[in-house]
Amino acid sequence: MTVRDYSAIDPAIHARGEEDIAFERRFGPWAAPTPVEAVAVLAAFPRPWWVCGGYAVEAFTGVVRPHDDLDIGFFRRDLAVLREALGDRYDLWSVGSGMLRPLTDIFPDLHAGSEQVWIREHAWSPWRLDLLATEDRDGQWINKRETSFAAPLEEITWVADDGIRYLAPDLVLAIKAKLKRPKDDRDLEAALPLLDAPARDRLRSFLERQHPHHEWLTRL
């Protein structure tokens, strides 16, 4: 059996490890856009969406760092609108719990255990977007790490000069806290000096409730 050298497609694959190489051999490679590039992909989608994860911290701090992917949130209630807006150009897939299933008229909703929608143009093209289906409560955004917390989208996101909506940095860090990766520590280091008192308090309160022994608490 010939083993294909996937570094010819993306030299960074070597840094991502054998598990990622195995994934790409089976399901295909990723070519995640930047937030600005994502605007063009989602131009036809008329409902709210916002950038999460490392790109949201980067937009807030101005500290540029490498990115493995681009996480974009949208309200799960808008899934049908997303399919209608993008379905003529892209294939949409329900992803989660180790299962990928196409979103079609036969399977119009996310499968049990799915919280993500992946999109690509067709089977021979790379995956383009990872969309995080976010639950809401009476139209308010819910923190997936602490579902008792709900707030209007306008209060937990901000719009940058590029017109793109980003999740508030303290909430990004609250979601990242569970993962305890080096890049999350670097994001905290970049964002912490710029967080105002309410944002610091919100992050600290979350950590005290959800991760009472987290090392970040000593820095807050």
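Descriptive notes on the structure:
- Tally of residues being buried (at least 16 other Cβ atoms within 10 Å of the Cβ) and either of a type in the set (A, V, I, L, M) or not in a strand (DSSP E or B) (or both) across segment 152-167: 4
- Test: residue in segment 122-135 that is more than 24 Å from residue 40 (Cα to Cα), touching a residue at least 12 places away in the same chain (Cβ under 8 Å) and either open to solvent by less than 10 Å² (accessible area, probe 1.4 Å) or in contact with a strand residue (DSSP E or B) (Cβ under 9 Å, 6 or more places away or on another chain) (or both): yes
- Checking 51, 36 one by one, the residue that is within 29 Å of residue 189 (Cβ to Cβ), open to solvent by less than 50 Å² (accessible area, probe 1.4 Å) and touching a residue at least 24 places away in the same chain (Cβ under 8 Å) is 51 and no other.
The values are calculated or read from the model by the stated rules, or taken from the named source; none is laboratory data. Predicted, not measured: the structure shown is a model, and the values here were computed from it. Don't worry about glycine lacking a Cβ; one is built from the backbone with ideal geometry, like all the others, and counts go over all protein chains shown. Accessible surface areas use protein heavy atoms only, side chains included; no ligands, DNA or RNA. Shrake-Rupley method; radii C 1.70, N 1.55, O 1.52, S 1.80 Å.
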